[in-house]
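The structure appears below as structure tokens.
The values are calculated or read from the model by the stated rules, or taken from the named source; none is laboratory data. Keep in mind the model is a prediction, meaning the values are calculated, not measured. In this analysis, Cβ positions are derived from the backbone assuming ideal geometry, glycine residues included, and neighbour counts consider all displayed protein chains.
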């Protein structure tokens, strides 16, 4: 029996009255964008300086979808209340994204399915890559080599994972 132990942590500091909504966006395939089903509401789109700024607006507004045009720099954020559909487009300058709620935790480097590599990845549901198509979810994938692995070339599956956090305790004088 092999045991996989990790020592890492993410610490989020949230004060009372604040909410923390974690999400990330995945890119829609090239040649596709979004369109309204029915009559489009009056939307105000923004001209921004970068894709990063556009994605920041999308997160702040909790947009389900957004598009960014690389030439005009127009950022279109769609409200969660909008009913949208995916449409084919010839505009190769427009990049479209959709929101993925929840946390996708991994220690790896991804660029495309054939060369994605890493040490650890938790797959929460079926994805587009072959290594993400598993019998059960969630699944804990890890490198059983002495270095990172290319996920498509093979990996080990863990039954469970334990994360231990050790805090350095400060010495306080007795009162």
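Overview of values
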quantity	calculated
Selection status of residue 18, modelled with pLDDT of 80 or more and more than 16 Å from residue 74 (Cβ to Cβ)	no
Residue in the range 36-54 that is modelled with the highest pLDDT, counting only those that are over 21 Å from residue 81 (Cβ atoms) and surrounded by 13 or more Cβ atoms within 10 Å (Cβ to Cβ)	48
Which numbered condition residue 95 misses (of (1) modelled with pLDDT of 85 or more; (2) more than 16 Å from residue 25 (Cα to Cα); (3) in contact with a helix residue (DSSP H, G or I) (Cβ under 8 Å, 6 or more places away or on another chain))	(2)
When residues of the range 58-89 are limited to those that are in a helix (DSSP H, G or I) and buried (at least 16 other Cβ atoms within 10 Å of the Cβ), the one modelled with the lowest pLDDT	59
Residue, nearest to the chain's Cα centre (by Cα), within the range 114-157, restricted to residues that are in contact (Cβ under 8 Å) with a residue 60 or more places away in the chain and surrounded by fewer than 17 Cβ atoms within 10 Å (Cβ to Cβ)	156
Residues located in the range 115-134, provided they are modelled with pLDDT of 90 or more and touching a strand residue (DSSP E or B) at 6+ places or on another chain (Cβ under 8 Å)	131, 132, 134
Some residue of the range 24-35 being under 27 Å from residue 112 (Cβ atoms), surrounded by 13 or more Cβ atoms within 10 Å (Cβ to Cβ) and at pLDDT below 75	yes
